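*Asks:* The structure that follows is given in the form of structure tokens.
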Amino acid sequence: MNKILSLEMVNITKRFPGVIANQDVNIKVNAGEVMALLGENGAGKTTLMNILYGLYNPNEGDILINGKKVKIRSPQNALDLGIGMVHQHFMLVPSLTVTENVALGINFKNKFKMDLKVVADKIKKLGEKNNLNVDPNAYISQLSVGEQQRVEIIKALYHGANFLVLDEPTAALTPQETDQLIKWIREIIKDDMGVIFISHKLKEVTEVSDKVEVLRDGKNVFSVQTNKTNVDELAREMAGRDIELPTVDKKNEFGDVVLKVEDVWAKSDKGTDALKGISLALKKGEILGIAGVSGNGQKELAEVITGFRKVNKGKINFKDENIVNKSIQYIIDQGLGFIPEDRLHMGTVPGFKVKENLILKDYLKYPFCKNFILKPKYIESYCKTTVDEYDIKCPNINTPTHALSGGNIQKLILSRELKRNPVALVASYPIRGVDIGAIEYIHEKLLEARNNDVGILLITEELEELLNLSDRIAVIYEGKILDILEADKATKSKLGLLMAGVKEG
Amino acid sequence: MTMASYFQIITNMLAVAVALSAPYIFAAIGEMFSQKSGVLNLGVEGIMMLGAFTAFYFSWAYDNILLGIVMAMVVGILMGLLMAIVSITLKADQGISGIGVYMLGWGIASTLFRLFIGGVQSISGLQDLQIPILGQIPYLGKILFQHNIMVYLALLLVPASWYILYKTPWGLKVRAVGTTPRAADTMGINVIKTRYQCVIIGSMLAGLGGAFLSVAQANMFANDLIAGRGFIAIALVYFGRWEPLGVLKGALLFSLANAFQRWFQISGISFPYEITVVFPYVLIIVVLAFSYKKFSEPTALTVPYDREFKG
């Protein structure tokens, strides 16, 4: 195995049934440099990297290492060549220990015995040398996201990687952890490591990389040395047009408290306490942001308010009525809207037509239905209007919903919830994985609803989004609200510390 | 009755239970391997049926029990290969393909039985093999060390399969492909190959379990010889939380209940025997209902692996 001095992907094309994920894509990275691969969701970044790692076979194109053509037909080939990859969704077996996860990739000579102690020792040494400390005997399921990422990197290094691909490595990290990772990457490239850093976060990209390659709709659209560009230019290239995200205009007058959560306790799916005495108050016409590293109770919070999860203790007052453990139907009827985290499976019925999903909360009511019979004419005209009004891009309203892009599915859900004129809205990760054009639109609509006196609980991991939209920001940590900040007094670093559980003073 | 005769009854019952548990252990440990790798093989019953017939046929026609047992394993391997092709390579729904394998095995076995044997035939069967010294221990010797060789084999299979699963590189692979096949794939593990191996080993053991019934227990073959044991074996895997020791406990508990109901029937106590026959099955349903917790299940169970699937 030779050291990778340069790695090229030439004219890569990959087609999936009905879509071209990559078309004639070219990239080149040298040892000792960081190339950022920038693009929106669905631009083809991950597909390209899965080809490099042997998970997908390209339809056309070549991969060159040190100028020589190589065939990568499986992850084993990639590992043998010295390519290590940290996937966006970690590739770890949660029921195994750190050591066992690393040992999975080892070709043991003795088929009847494995010496895991030797492996554990080597992991310890690698960790100390590279400043990636992790307990080799811990089970993956016990580790935090940041620790799991360290395990992924150690795994790659253990197997002799001298070229690293990091796919959206900062997606679930706090700002401080992100800074640490960026520093770490700048450090390791000094040992002639080549790095591909995939992201859609512009600021990180400019901080970490030596050069940037922008993909849009599966094609190369822009490549530049990082020191010759700026965030605005990159944003424009990424989206293909000028983008201006709306920001909140400061508001001092809010309505009455519409949703009040008092000392609520609830369990997670695993039976552990996920919410440990949460208290919040949401006013009419206010956006209350919930910041936090995912897995700290956000999902459970949204679910207790909307009636999906049992509350063990505490009160939730909605319009001065305790709705704890009331039926979901009842809570919907009181005027609480919900944009769920899992938009495809919880927000819609994926196999249903667009029009069927649009009336999913009202199909029993007049004028959609009369004497237990649906009124197809009214439904058709209502749905056509809605699709136009909310700019939901779909071939027609009879298209199955799962065929729509993430952004359009989100617009569909948003239109369904907002057209019911909710009193309050719980929005969980409304822009996760949607393209920048849809983000712009969704944010405009949320702000419009806020100005129409809707109280909005905005749960998200994107700090930019929180700071742009919220009137107040509450930080959730291990099932408790650690602090609530006025938006104009909140900064990224302040929020970052709180998200890590550190409260000053 | 005296104290000694109570001991006698209990000892007999336990000895019978150990012998009865052997086919369940073979089939359930086999199914455990299959499920650990992510494949639910519902065809166990049919494979056991075919294994039982094959073992009996060769023992009867060639007067060679060893040949019969080996052929039962070969047939098990072939049935496993079929299940693997359909459910792993062709990615058919595992529940349906398993039922197909069950019906195929059952159909072939009963047809061949009619063609080549026809009526009730019996063989001398495997003889008990008393282990020197250990077999002499009071009570314990009778319970554990006076059985035929396949019973010892079944009992040895439990620690052996534990060692394989938890102490060898291959076992580590099996545990990984059954929970997160994609993660295993990115580490260079051949998910498809590992699953094939597990399904085939599992079916081979099911064939062995079937062979036990015809050549080491009943010493004959009939269409209703297996009597649902293959399905009970699948339940025992869930009961045992996908652990060899758990499977053993389940097999012993169920067999003890069976031994008890047999004793009860001949004990002379007046009680409708139809109800006592049901007792072991009710017991296992009750225990399953109270012990079933989802979290130790191989999370990729029943999900075919497709590297290029965009989820």
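*Asks:* Could you name the aspartates and glutamates in cross-link range of A:Lys228, using Cα to Cα under 17 Å and dropping any fewer than eight places away on the same chain?
*Replies:* Cα-Cα hits under 17 Å: A:Glu33, A:Glu204, A:Glu207, A:Asp210, A:Glu213, A:Glu237.
*Asks:* Something else: Using θ = phi - 60° and the Karplus form 6.51 cos²θ - 1.76 cosθ + 1.60, what ³J(HN,Hα) does each residue of region A:313-322 get, whole Hz, x for Gly and Pro?
*Replies:* These are the phi-based 3J(HN,Hα) values: 7, x, 10, 10, 9, 10, 6, 6, 9, 6 Hz.
*Asks:* For A:Val293, what is the net charge nearby, where nearby means another residue's Cβ is under 9 Å from its Cβ and Lys, Arg count +1, Asp, Glu -1?
*Replies:* Details: positive: none; negative: A:Glu177, A:Glu461.
Residues close to A:Val293 contribute a combined charge of -2.
*Asks:* Could you compute the longest span of chain B free of chymotrypsin sites (Phe, Trp or Tyr not before Pro) located in DSSP loops and having at most 15 other Cβ atoms within 10 Å, not counting the site residues?
*Replies:* Values: sites that count: B:Tyr139, B:Tyr292, B:Phe309.
Of all site-free stretches, the longest is B:140-291.
*Asks:* If we count GluC sites (Glu not before Pro) as exposed when they sit in a DSSP loop and have at most 13 other beta carbons within 10 Å, what is the longest stretch of chain A that avoids them all?
*Replies:* For GluC sites (Glu not before Pro) (loop position, at most 13 other Cβ atoms within 10 Å), the longest site-free span of chain A is A:254-503.
*Asks:* Over chain A, calculate the relative contact order: mean separation of alpha carbon pairs under 8 Å at least 6 apart, over the residue count, as a percent.
*Replies:* After rounding, I find 15 percent.
*Asks:* Taking the Cα centre of the protein assembly as shown as the origin, how large is its charge dipole in debye, to the nearest 20, when only Lys and Arg (+1) and Asp and Glu (-1) carry charge on their Cβ atoms? Walk me through the intermediate numbers first.
*Replies:* Working: 86 positive and 80 negative charges, 318 e Å.
Here the size comes out at about 1520 debye.
*Asks:* For chain B, set up a Gaussian network in which alpha carbons nearer than 10 Å are linked by springs, and say which option among B:Lys249, B:Lys193, B:Lys173 fluctuates the most.
*Replies:* B:Lys193
*Asks:* Let me ask something else. Just need the Rg to Rh number for the protein assembly as shown, please, alpha carbons only, Kirkwood Rh.
*Replies:* Rounded to two decimals, Rg over Rh is 1.04.
*Asks:* Another question, if that's okay. log₁₀ I(q)/I(0) of region A:6-239 at q = 0.08, 0.14, 0.17 Å⁻¹, via Debye over equal Cα point scatterers, no solvent, to two decimals?
*Replies:* Listed by q, the Debye log ratios stand at -0.30, -0.91, -1.29.
*Asks:* Let me ask something else. Would you mind checking which residues have amide H under 5 Å from A:Leu485's amide H? H placed 1.01 Å from N; only 5 or more apart, or other chain.
*Replies:* A:Ile473, A:Ala474, A:Val475
*Asks:* Right, here's the next one. Read phi for every residue in region A:428-436 and hand back ³J(HN,Hα) as whole Hz from Karplus 6.51 cos²θ - 1.76 cosθ + 1.60, θ = phi - 60°, with x for Gly and Pro.
*Replies:* 9, 6, x, 10, 4, x, 9, 6, 5
*Asks:* Of all the stretches in chain A, which is the longest one without any exposed loop site, taking chymotrypsin sites (Phe, Trp or Tyr not before Pro) in a DSSP loop (any state but H, G, I, E, B) with at most 13 other Cβ atoms within 10 Å?
*Replies:* A:113-362
*Asks:* Tell me, what is the percent relative contact order of region B:17-294, built from C-alpha pairs under 8 Å that lie six or more residues apart?
*Replies:* Across region B:17-294, relative contact order equals 36 percent.
*Asks:* A further question on this structure: Which distance in Å, rounded to a whole number, links the C-alpha centroids of region B:233-258 and region B:1-30?
*Replies:* Cα centroid of region B:233-258 versus Cα centroid of region B:1-30: 15 Å apart.
*Asks:* Jot down the per residue volume, in cubic angstrom and as a whole number, of the convex hull over the alpha-carbon atoms of region A:360-471. Kindly include the intermediate steps, with their values, before the conclusion.
*Replies:* Values: hull volume 12.5 nm³, N = 112.
Per residue, the Cα convex hull of region A:360-471 comes to 111 Å³.
*Asks:* Compute the helix-to-body angle for A:406-418: its Cα long axis versus the longest principal axis of chain A, expressed 0 to 90° and rounded to tens.
*Replies:* On a 0 to 90 degree scale, this one is about 20.
*Asks:* Still on this structure, I have one more. Could you pull out the pairs from A:Lys313/A:Lys445; A:Lys310/A:Lys365; A:Lys319/A:Lys384; A:Lys353/A:Lys377 whose alpha carbons sit more than 24 Å apart here? Before the final figure, lay out each step's value.
*Replies:* Numbers: A:Lys313/A:Lys445 34 Å; A:Lys310/A:Lys365 28 Å; A:Lys319/A:Lys384 33 Å; A:Lys353/A:Lys377 15 Å.
Flagged as over cut-off: A:Lys313/A:Lys445; A:Lys310/A:Lys365; A:Lys319/A:Lys384.
*Asks:* Over 19 Å between C-alpha atoms is what I'm after, so list which of A:Lys3/A:Lys190; A:Lys69/A:Lys155; A:Lys283/A:Lys315; A:Lys69/A:Lys190 land there. Kindly include the intermediate steps, with their values, before the conclusion.
*Replies:* On the way: A:Lys3/A:Lys190 14 Å; A:Lys69/A:Lys155 26 Å; A:Lys283/A:Lys315 17 Å; A:Lys69/A:Lys190 26 Å.
Listed pairs above 19 Å: A:Lys69/A:Lys155; A:Lys69/A:Lys190.
*Asks:* Moving to a separate point now. If DNA, RNA and ligands are ignored and the probe is 1.4 Å, what is the ranking of B:Thr2, B:Thr11 by accessible area, most exposed first?
*Replies:* I get B:Thr2, B:Thr11, largest accessible area first.
*Asks:* State, as an integer percentage, the relative contact order of region A:194-282 based on alpha-carbon contacts under 8 Å between residues 6 or more apart. Intermediate results must be reported in sequence, preceding the final value.
*Replies:* Numbers: 90 pairs, mean separation 15.0, N = 89.
It comes to 17 percent, rounded to a whole number.
*Asks:* Pick from B:Gly209, B:Gly135, B:Gly43: which is most flexible by mean-square fluctuation in a GNM of chain B where alpha carbon atoms under 10 Å apart are linked?
*Replies:* Judging by the Gaussian network model, the answer is B:Gly135.
*Asks:* Scan chain B and note any complete DSSP helix (H) whose C-alpha atoms cover at least 15 Å along its axis and whose Kyte-Doolittle average is 0.5 or more. Spell out each step's value before the answer.
*Replies:* On the way: long enough: B:3-36 (45 Å, 1.03); B:44-62 (26 Å, 1.09); B:65-84 (28 Å, 2.75); B:94-116 (32 Å, 1.04); B:149-167 (26 Å, 1.62); B:169-179 (16 Å, 0.15); B:191-212 (32 Å, 1.09); B:244-266 (33 Å, 0.80); B:273-291 (28 Å, 2.12).
The qualifying helices are B:3-36, B:44-62, B:65-84, B:94-116, B:149-167, B:191-212, B:244-266, B:273-291.
*Asks:* Give the calculated FRET efficiency between B:Ser270 and A:Asn312 to the nearest 0.05, with a Förster radius of 51 Å applied to their Cβ-Cβ distance. Don't skip to the end; give the middle numbers.
*Replies:* Numbers: r = 52 Å, r/R0 = 1.02.
That gives a FRET efficiency of 0.50.
*Asks:* So how far, in whole Å, is the C-alpha centre of region A:460-505 from the one of region A:254-333?
*Replies:* 18
*Asks:* Set the Förster distance to 22 Å, then compute FRET efficiency between A:Lys503 and A:Lys183 from the Cβ-Cβ distance, nearest 0.05.
*Replies:* E(calc), rounded to 0.05, equals 0.35.
*Asks:* Name the trypsin sites (Lys or Arg not before Pro) in region A:112-156 that are in a loop by DSSP and that have at most 12 other C-beta atoms within 10 Å, would you?
*Replies:* Filter output for region A:112-156: A:Lys113.
*Asks:* Can you give the calculated 222 nm mean residue ellipticity of chain A, where each DSSP H run of n ≥ 4 adds -39,500 (n - 2.57) and the sum is split over every residue, rounded to the nearest 500 deg cm²/dmol?
*Replies:* After summing the helix terms and dividing by residue count, I get -9000 deg cm²/dmol.
*Asks:* Let me ask something additional. Take peptide A:397-407, look around each residue's Cβ out to 10 angstrom, count Cβ atoms belonging to other protein chains, and average those counts.
*Replies:* Values: counts 0, 0, 0, 0, 0, 0, 0, 0, 0, 0, 0.
For peptide A:397-407, the averaged partner shielding equals 0.
*Asks:* Could you calculate the contour length gain from A:Phe108 to A:His345, that is, 0.36 nm times the residue separation minus the distance between their Cα atoms, to one decimal place in nm?
*Replies:* Difference between extended and current length: 81.1 nm.
*Asks:* Take B:Thr302, B:Thr180, B:Thr54 and sort them by solvent-accessible surface of the protein heavy atoms, 1.4 Å probe, largest at the top.
*Replies:* Details: B:Thr302 65, B:Thr180 35, B:Thr54 15 Å².
The ranking, largest first, comes out as B:Thr302, B:Thr180, B:Thr54.
*Asks:* What does the charge count around B:Ile25 come to, taking other residues whose C-beta lies under 14 Å from its C-beta (Lys +1, Arg +1, Asp -1, Glu -1)?
*Replies:* 0
*Asks:* Further question on the same structure: Set the Förster distance to 22 Å, then compute FRET efficiency between A:Phe352 and A:Glu389 from the Cβ-Cβ distance, nearest 0.05.
*Replies:* Given R0 = 22 Å and the Cβ-Cβ separation, E is 0.65.
*Asks:* With each label point set 7 Å from Cα along the Cα-Cβ vector, what nm distance links A:Asn66 and B:Ser5?
*Replies:* 8.7
*Asks:* Per-residue HN-Hα couplings for region A:146-161, Karplus 6.51 cos²θ - 1.76 cosθ + 1.60 at θ = phi - 60°, whole Hz, x for Gly and Pro?
*Replies:* Those phi angles translate into x, 5, 4, 5, 4, 4, 4, 5, 4, 4, 5, 5, 4, 8, x, 5 Hz.
*Asks:* Could you check what % of the DSSP bridge pairs in chain A are antiparallel, to the nearest 5?
*Replies:* Beta bridges within chain A, antiparallel portion: roughly 55 percent.
*Asks:* Let me ask another. Could you report the accessible area of B:Ile88 in Å², rounded to 10, computed with a 1.4 Å probe on the protein chains as they sit in the structure?
*Replies:* So the heavy atoms of B:Ile88 present about 10 Å² to solvent.
*Asks:* Among B:Val158, B:Val191, B:Val277, which one moves the most in a GNM of chain B with springs linking Cα atoms closer than 10 Å?
*Replies:* B:Val277
*Asks:* Could I ask something else about it? Points 7 angstrom from Cα along the Cβ direction at A:Asn57 and B:Val303: gap in nanometres?
*Replies:* 2.5
*Asks:* Roughly how big is region A:6-239's charge dipole about its Cα centre, with Cβ charges of +1 (Lys, Arg) and -1 (Asp, Glu), in debye to the nearest 20?
*Replies:* So the dipole magnitude of region A:6-239 works out to roughly 760 debye.
*Asks:* How far apart, in nanometres, would the label points at A:Ser6 and A:Lys117 be if each is projected 7 angstrom from Cα along the Cα-to-Cβ direction?
*Replies:* 4.8
*Asks:* Report the net charge of residues surrounding A:Glu478, where surrounding means a beta-carbon distance below 11 angstrom and charges are Lys +1, Arg +1, Asp -1, Glu -1.
*Replies:* +1
*Asks:* Additional query: Per DSSP helix of 4 or more residues, -39500 (n - 2.57); summed, then divided by the residues of chain B. What does that give at 222 nm, rounded to the nearest 500?
*Replies:* -23000 deg cm²/dmol
The values are calculated or read from the model by the stated rules, or taken from the named source; none is laboratory data. No experiment lies behind these values; they were computed from the predicted model shown. In this analysis, Cβ positions are derived from the backbone assuming ideal geometry, glycine residues included, and neighbour counts consider all displayed protein chains. Remember, those area values only see protein heavy atoms, side chains included, never the ligands or the DNA or RNA. Shrake-Rupley method; radii C 1.70, N 1.55, O 1.52, S 1.80 Å.
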